[in-house]
Amino acid sequence: MAGQTLYDKLWQDHLIKTREDGSALIYIDRHLIHEVTSPQAFEGLRLAGRKPWRRDSLVATPDHNVPSEAVERAAGVAGIRDDVSRIQVQTLDENCRDFDVVQFGINEPGQGIVHVIGPETGATLPGMTVVCGDSHTSTHGALGALAHGIGTSEVEHVMATQCLIQRKMKNMLVRVDGELLPGVTAKDVVLAIIGTIGTAGGTGYAIEFGGAVIHSMSLEGRMTVCNMAIEAGARAGMVAVDQITLDYVQGKPYAPKGEHWQRAVEAWSHLHSDDDAVFDDVVVLRGEEIEPQVSWGTSPEMVAPINAYVPDPSAESDATKRTGMQRALDYMGLRAGQKISDIHLDRVFIGSCTNSRIEDLRAAAAVAKGRSKADSVKQVLVVPGSQAVKAQAEREGLHKVFIEAGFEWREPSCSMCLAMNADKLGAGEHCASTSNRNFEGRQGYGGRTHLVSPAMAVAAAIAGHFVDVREMAPLQAEEEMA
């Protein structure tokens with residue numbers, strides 16, 4: 001009998017029952033909540049006269065609608081100018097109070113993007129099943145967890161029963177062998193993966209990321225990769241537990257302590273795929289062949305190396321793809337054969353649940369130090385992913401580097417990732433963004449989003465157009481910035 005994959009093990013550890021039609025009931029360990037997808041669920045509980053089945057599994061924080069500007073933020077919930085945003089945050093406050101749910105409020109020390117605070121507090125742990133009413137819950141799989149987004153009705157179902165109806169997915173291994181060249185980051189790796197397999201390549205699969213490149217990454221780098229598993233069509237992405245995982249988790253506020261820690265480490269020791277595990281599909285990339293990436297279209301799969309050219313739709317044999325490429329070029333205001341480096345930027349956004357952690361800000365500051373943004377760039381937003389990240393960055397002086405470069409240092413929120421607050425692009429504006437989606441209108445009506453790593457975003461802000469960050473001054477080591 002063949003061995004089990006990491007996904008097989010996580011599934012089996014939480015399986016309650018499987019029906020003849022293939023549907024199954026699995027147990028959920030951690031349920032993360034924010035203000036956008038929880039109001040209907042709480043109201044459903046009220047109408048049914050129910051309470052959360054396991055209240056201590058719930059952790060809430062506002063992130064999508066909270067303003068990032070310090071002046072507006074200082075006034076708390078009442079100071080949120082947008083009526084809809086204010087009501088959503090107020091409703092979360094009321095629901096968490098009424099149902100006695102742990103919440104990190106708008107200006108509390110623990111507040112932040114839900115997919116940042118989960119791992120950094122230890123609310124997310126190896127071996128857990130983790131859900132949230134947000135597609136980028138796949139981020140938490142970096143800790144060897146089975147994590148994925150759920151719909152609004154499912155949010156209520158998990159609150160009420162601590163269970164979720166699912167169908168077991170197939171297994172895919174995405175292996176990145178070799179090693180990365182200097183200046184190439186986790187964001188470049190995952191964009192290259194999506195560019196290779198497409199945004200539907202992982203549909204129906206749980207993706208395990210492996211190989212020397214992945215296993216040499218920091219835990220924060222792995223989170224960036226798993227965060228965008230959903231952009232490859234997979235609901236879940238994950239990485240096996242190893243010493244890097246344990247070192248990251250140990251000492252976190254919600255992590256086990258003392259004797260319980262040793263027992264937890266022993267319990268997590270099996271959270272890897274067996275040597276003889278069989279995957280339904282295997283994709284292999286070479287790390288040394290990956291260059292800094294820039295998305296040129298309106299889907300994360302529309303991506304190219306920095307030194308490449310915007311592709312020509314007429315060279316695409318598939319009629320559907322050809323039409324999609326031409327529509328993307330029309331929307332983005334680009335022409336076939338144009339150099340990626342000739343794309344000029346109006347704004348730059350460094351943040352989101354993909355790239356707003358302390359390592360991301362260190363990488364951005366290393367490029368920004370001693371430099372200034374181009375006059376042609378209207379705005380550069382740097383938005384830390386949590387209050388903890390913001391405090392750490394300020395202790396290290398990173399915020400001063402950004403401010404001296406002409407960037408805006410903001411308060412923790414989702415910010416310009418999805419334009420649900422005041423941070424938006426204007427129609428026709430091009431933005432170098434460290435977020436995860438470049439759909440039409442994602443960052444504002446008519447806005448044009450280009451996905452890049454933090455280092456590449458800063459390089460573009462300084463030059464006013466995309467450049468290969470490796471051709472700027474030698475990158476400073478992270479130790480120098482710490």
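Remarks
- Set 9/257; 168/321; 252/424 screened for pairs whose C-alpha atoms are more than 32 Å apart: 252/424
- Considering only the chain, percent of DSSP beta bridges that pair antiparallel, nearest 5: 25
- Extension gain for residue 75-residue 170 works out to 29.4 nm (0.36 nm per residue, less the C-alpha to C-alpha distance).
- Within the accessible area of region 209-339 (1.4 Å probe), percent carbon and sulfur: 49
- Options (1) 30.8; (2) 25.7; (3) 22.9 - which one matches mean projected area of the Cα convex hull in nm² as calculated here: (3)
- The trypsin sites (Lys or Arg not before Pro) found in region 333-415 that occupy coil by DSSP, while having at most 16 further C-beta atoms within 10 Å, are 335, 378.
- Here is the list for region 30-86: trypsin sites (Lys or Arg not before Pro) lying in DSSP coil, each with at most 12 other C-beta atoms within 10 angstrom of its C-beta, are 81.
- Phi to ³J(HN,Hα) by Karplus 6.51 cos²θ - 1.76 cosθ + 1.60 over region 222-234, Hz, x for Gly, Pro: 5, 5, 4, 5, 5, 3, 9, 4, 5, 6, 9, x, 8
- Amide proton proximity set for residue 103, modelled H, under 5 Å, gap of 5+: 60
- Interchain or long-range residues, amide H under 5 Å from residue 283's placed H: 173, 174, 175
- For residue 303, distant residues with modelled amide H under 5 Å away: 296
The values are calculated or read from the model by the stated rules, or taken from the named source; none is laboratory data. Please read all numbers here as calculations on a predicted model, not as lab measurements. Neighbour counts run over all protein chains shown; Cβ positions are idealised from the backbone, glycine included. The area values use the complete protein model at the heavy-atom level, side chains included, leaving out ligands, DNA and RNA. Shrake-Rupley method; radii C 1.70, N 1.55, O 1.52, S 1.80 Å.
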